[in-house]
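What follows is a set of notes on a single structure, which appears directly below.
The values are calculated or read from the model by the stated rules, or taken from the named source; none is laboratory data. Here the structure is a predicted model, which is why all the values come from computation and not from measurement. Reconstructed Cβ throughout: ideal geometry from the backbone, glycine too, with neighbour counts over all protein chains shown.
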Amino acid sequence: MGRGQMVAEQWAGISEELRSEIGESNHRNWIAPLECLGVQDGVAQFRAPSRFVGDWVKRTYHDQIFAHLRSVASDVARLEFIVGEAPRPRATPEIVIAKTLPADELQGAPLDGKYNFDNFVVGKPNELAHAAARRVAEGGPVTFNPLFLYGGVGLGKTHLMHAIVWELREKRPDLQVLYLSAEQFMYRFVQALRDREIMDFKNLFRSVDMLMVDDVQFIAGKESTQEEFFHTFNALVDQNKQIIISADRAPGEIKDLEARISSRMQCGLVVDLHPTNYELRLGILQRKAAQFMHTYGSVKIDDGVFEFLAHKITTNVRVLEGALQRLFAFSSLIGQEVTMEMVQDCLSDILRSSDRRVTVEEIQRRVAEHFNIRLSDMLGPKRTRTIARPRQIAMYLAKEMTSRSLPEIGRRFGGRDHTTILHGVRKVEEMRGTDSQLNEDIELLRRLLES
Ligand code: ADP
Ligand code: MG
């Protein structure tokens, strides 16, 4: 008890030190409202005026507070923030906080330092997305709103978004930029609802100069989160504040996303990141290798290794990067250069699974065979059920098993429109819920195609 009391008293001193470390306004907004309740069983307890404040403090200042406390009380093992039952003026301090927050306080999700523009390799498949990201990163007048970036996993959406934030911090430190995933948006929204702090939530999100929401497909089907997002979105657009959104597919293709939201998202600039090509993959490998040299020291890599990898691992940049990292780790561990032999040994699992890549054409052929129809009919215009159903199944498998976009798949189905493909895919998804024969057919086909 005595000791706990002492810490509570010393807190005043720590709080002063924090003031000089984090600045007057941060201190006023975040540290001053905390009440130190003392230490018990190694836990230093603080009362925060709201869960909202408690969470921000925990996320942003945890380490700093902890370090100070440890220097006066070495028995402190962790910090705990409880929300105040103590009487407090139910005024609106957080609303003011939201307005006076400096840019970096608003950082929603941790940023990866490596995800900057310097480390982003530009090639044909991503040049538009890159150019658009560069443009908004200048922080000039808003020209397209929102910027909607979409593309398959591992194609660099998150990388570009982080790069925008880094760039803006340099160029426009006055701007309040908030980056977070759609999942975090939902989490905070639900938390605010639960804690009856929805006004704080609204004010925070409406007070930023730029809002970036990653992987927005996540909120599809989550009705009240979508609703709130829609209002936030509109409020910011009305104030001419830049919004940047990413998703794994085009706005109109996100299932269970309200039509009014998807149509508003298409009002700005929609750009997609295309699947990588060979040159881009080669460029990325070279860039990443240079980065890894910092971590693992200089590693010698035989000629042809990069070319081989760029040729073989085509699905996802993350996998490509993982493969390279493994080679570096292995090579530095055994003190040998990276040879083609080592590549085969060390990456056999990755190489095997990339060998099994399926093409739309193979899918069409297998499905036609399975249902005993002609390939030409599968691609042609006939609409009889015996042809149309297998065709839709092939569309569905093409969407599921390849990284082709809907327009690309459409082109391979005799030049059909992407909406036709989408319709086919949805139809099959829907039928899978009730039709067990269909499910069996699909699973059988999938196994055939994968083997
Ligand atoms: P997404 O968010 O689209 O799923 P990420 O941005 O997380 O993809 O990218 C996955 C990984 O691939 C990251 O490590 C990223 O740095 C890397 N990457 C993707 N595209 C590029 C690129 N053009 N240049 C450099 N690295 C890239
Ligand atoms: Mg991402």
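Scan the stretch 303-326 residue by residue and report those that are over 19 Å from ASN119 (Cβ atoms) and at pLDDT 90 or above. GLY304, VAL305, GLU307, PHE308, ARG326 - these are the residues of the stretch 303-326 that are over 19 Å from ASN119 (Cβ atoms) and at pLDDT 90 or above.
Every condition in (1) of a type in the set (Gly, Ala, Ser); (2) buried (at least 18 other Cβ atoms within 10 Å of the Cβ); (3) under 33 Å from the mean Cα position of the chain (by Cα) is met by GLY38 except one, and the failing one is (3). If the condition is being of a type outside the set (Gly, Ala, Ser), in a loop (DSSP other than H, G, I, E, B) and closer than 14 Å to VAL270 by Cα, then the stretch 135-151 contributes THR143, PHE144, ASN145, PRO146. Within the stretch 106-165, how many residues are closer than 17 Å to ARG249 by Cβ, among the β-branched types (Val, Ile, Thr) and more than 9 Å from ligand 1 (Cβ to nearest atom)? The number of residues fulfilling the criteria is 0. Scanning the stretch 308-359 for residues that are part of a loop (DSSP other than H, G, I, E, B) and not β-branched (Val, Ile, Thr) yields ASN316, GLY335, GLN336, GLU337, LEU347, ARG356, ARG357.
Within the stretch 243-259, the residues that satisfy the criterion of being in contact (Cβ under 8 Å) with a residue 40 or more places away in the chain and either among the aliphatic types (A, V, I, L, M) or under 17 Å from LEU211 (Cα atoms) (or both) are ILE243, ILE244, ILE245, SER246, ALA247, ALA250, LEU257. Among the candidates ALA220, ALA290, ALA235, ALA247, the residue that is touching a helix residue (DSSP H, G or I) at 6+ places or on another chain (Cβ under 8 Å), within 16 Å of ligand 1 (Cβ to nearest atom) and either at negative phi or among the charged types (D, E, K, R) (or both) is uniquely ALA247. Only helices (runs of 4 or more DSSP H) whose full extent lies in the stretch 170-240 are considered here, and the ones with at least 2 residues that are crowded, with 19+ Cβ neighbours inside 10 Å and among the aliphatic types (A, V, I, L, M) are 182-194. Listed conditions (1) outside any helix (DSSP H, G or I); (2) over 15 Å from the mean Cα position of the chain (by Cα); (3) modelled with pLDDT of 90 or more are all met by GLU167, apart from (1). Please indicate, with yes or no, whether at least one residue in the stretch 269-284 is crowded, with 18+ Cβ neighbours inside 10 Å, more than 30 Å from ASP303 (Cα to Cα) and within 16 Å of ligand 2 (Cβ to nearest atom). There is at least one residue in the stretch 269-284 that is crowded, with 18+ Cβ neighbours inside 10 Å, more than 30 Å from ASP303 (Cα to Cα) and within 16 Å of ligand 2 (Cβ to nearest atom). Residue pairs whose Cβ atoms lie under 9 Å apart, sitting 6 or more positions apart in sequence or on different chains, and linking a residue in the stretch 161-176 that is more than 14 Å from ARG134 (Cβ to Cβ) to a partner that is outside any helix (DSSP H, G or I) and of a type in the set (Val, Ile, Thr), are ARG169/VAL177; LEU175/VAL208; GLN176/VAL208.
Counting the residues of the stretch 150-169 that are farther than 20 Å from ARG404 by Cα, crowded, with 21+ Cβ neighbours inside 10 Å and more than 10 Å from ligand 2 (Cβ to nearest atom) gives 4.
Table: residues versus (1) away from ligand 2 (no atom under 16 Å from the Cβ); (2) at pLDDT below 95; (3) farther than 29 Å from ASP238 by Cβ.
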| residue | (1), (2), (3) |
| --- | --- |
| GLU94 | yes, yes, no |
| GLN107 | yes, yes, no |
| LEU111 | no, yes, no |
| ALA137 | yes, no, no |
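Taken over the stretch 397-440, residues that are in contact with a helix residue (DSSP H, G or I) (Cβ under 9 Å, 6 or more places away or on another chain), part of a helix (DSSP H, G or I) and of a type in the set (Asp, Glu) amount to 3. When restricted to residues that are surrounded by 14 or more Cβ atoms within 10 Å (Cβ to Cβ) and within 11 Å of ligand 1 (Cβ to nearest atom), the stretch 293-321 contains 5.
So is ASP256 more than 11 Å from ligand 1 (Cβ to nearest atom), outside the structural domain of LEU155 (by TED's automatic domain parsing) and over 18 Å from ILE350 (Cβ atoms) or not? So that I can check it myself, show each step before the final result.
On the way: more than 11 Å from ligand 1 (Cβ to nearest atom): yes; outside the structural domain of LEU155 (by TED's automatic domain parsing): no; over 18 Å from ILE350 (Cβ atoms): yes.
So ASP256 fails the test.
Every condition in (1) modelled with pLDDT of 90 or more; (2) assigned to a helix (DSSP H, G or I) holds for ILE373 except the one numbered (2).
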